[in-house]
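This report refers to the structure that appears directly beneath it.
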Amino acid sequence: MAALRNHVLKVRFSDDELDAVRALFPKRKIAVGLRALALAQKAPRRSPVLEARRELLLALARIGNNLNQLARAVNTANLTGRKITW
């Protein structure tokens, strides 16, 4: 079981410093990377399966958005008696 992390440490960065930190950890949360560095541990790797799942969910969300737009257009046309044009 992971240790409960209930302490918050606030750190301020300049714009350049923040850009440099983000460059170190482009695909993970900065807090995870900084914690690993501070404790001389390996930063956990992000699972390729999780990354693929995220991309799949984004694609499904886009498809759902398009479907909702189509349904709204059809329903609006039915209510107003208009013809649908594409």
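No value in this document is a laboratory result; all are computed from the given coordinates. These numbers come from a predicted model, not from an experiment. Note that each Cβ is placed from the backbone with ideal geometry, even for glycine, and that neighbours are counted across all protein chains shown.
Eigen-decomposition of the gyration tensor built on the alpha-carbon atoms of the range 47-86 gives equivalent ellipsoid semi-axes of 35, 7, 3 angstrom, largest listed first.
Just to verify a number: FRET efficiency for residue 40 and residue 16, C-beta to C-beta distance, R0 = 41 Å, to 0.05? Please report the intermediate quantities before stating the final value.
Working: r = 25 Å, r/R0 = 0.61.
In this case the efficiency is close to 0.95.
Using the alpha-carbon positions of the chain, Rg (one decimal) and Dmax (whole number) come out as 22.6, 68 Å.
Hey, what's the per residue convex hull volume over the C-alpha atoms of the range 1-50, in cubic angstrom? Please report the intermediate quantities before stating the final value.
Details: hull volume 5.4 nm³, N = 50.
Here the figure is 108 Å³ per residue.
To the nearest 20 debye, what charge dipole does the chain have about its Cα centre, counting +1 at the Cβ of each Lys and Arg and -1 at the Cβ of each Asp and Glu? The partial results should precede the final answer.
Numbers: 17 positive and 6 negative charges, 66 e Å.
Dipole size: approximately 320 debye.
Along the Cα→Cβ direction, 7 angstrom out, place labels at residue 53 and residue 31. What is the inter-label distance in nm? About 2.0 nm, to one decimal. Cross-link partners of residue 10 among aspartates and glutamates, defined as those whose alpha carbon lies under 19 angstrom from its own and excluding same-chain residues fewer than eight positions apart: 19. A simple count of charges around residue 13, restricted to other residues whose Cβ falls under 13 Å of its Cβ and scoring Lys, Arg +1 and Asp, Glu -1, yields -1.
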